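**Q** Before I ask anything, let me first share the structure, which is written out below as structure tokens.
The values are calculated or read from the model by the stated rules, or taken from the named source; none is laboratory data. Note that the coordinates shown come from a computational prediction; the quantities given were computed from them, not determined experimentally. Cβ coordinates were reconstructed from backbone atoms using ideal geometry, including for glycine residues, and neighbour counts include every protein chain displayed.
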Amino acid sequence: MKYPYPRPTKYNVRVKKSASGFGLFAEDAIPKNRFIIEYWGKIISDKKADELGGKYIFGLENDKNISGAHRKNIARYINHSCQPNCEASLEGDRIFIRSLKKINPGDELTYNYGKVYFESYIKPFGCRCVKCAKKITGR
Ligand SMILES: [Zn+2]
């Protein structure tokens, strides 16, 4: 199956170690409401997504999912946060990660993975985002 190459980003980002394994970090200052990176991969059916399983499946509507495990999909390193600085915006069958606020060089990029993903993959292990970590230490 043919699929388009990810839309190029204007900003430098880098994969680095974070609190939860690896994360994607901004190397440039990024203003609010900008396209940063595409979450990119092959489009697969719900059935195929269930067979593959795993955390790199991004569910779309109408029996479509993006399988983001490809090494070119650097956006797969973006971690979940309950208080994110990015959002995943759906345009057709493509997912563009955009900034929700001004991001400084060195900041980790995060977006909210959504309720379904959170319930099945994050909640059982405990969320390690900055907001939840604060809640734990403040107890
Ligand atoms: Zn959290």
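**Q** Please determine, by comparing only the residues of segment 109-139 that are modelled with pLDDT of 95 or more and within 13 Å of the ligand (Cβ to nearest atom), which one is farthest from Gly59 (Cα to Cα).
**A** Thr110
**Q** Could you tell me which residue of segment 18-72 is modelled with the lowest pLDDT, considering only residues that are polar (S, T, N, Q) and loosely packed, with under 14 Cβ neighbours inside 10 Å?
**A** Checked segment 18-72; the qualifying residue modelled with the lowest pLDDT is Asn62.
**Q** For segment 73-89, which positions are more than 16 Å from Pro6 (Cβ to Cβ) and either free of Cβ contacts under 8 Å to residues at least 40 places away in the same chain or surrounded by 13 or more Cβ atoms within 10 Å (Cβ to Cβ) (or both)?
**A** Correct list: Asn79, His80, Ser81, Cys82, Pro84, Asn85, Glu87.
**Q** A further question on this structure: Which of the strands (runs of 3 or more DSSP E) contained wholly in segment 42-91 include at least 1 residues that are under 15 Å from the mean Cα position of the chain (by Cα)?
**A** In segment 42-91, the matching strands (runs of 3 or more DSSP E) lie at 57-59, 65-67, 86-91.
**Q** On the given criteria, is Tyr5 modelled with pLDDT under 95, of a type in the set (Ser, Thr, Tyr) and farther than 23 Å from Ile122 by Cα?
**A** Values: modelled with pLDDT under 95: yes; of a type in the set (Ser, Thr, Tyr): yes; farther than 23 Å from Ile122 by Cα: yes.
It is true that Tyr5 is modelled with pLDDT under 95, of a type in the set (Ser, Thr, Tyr) and farther than 23 Å from Ile122 by Cα.
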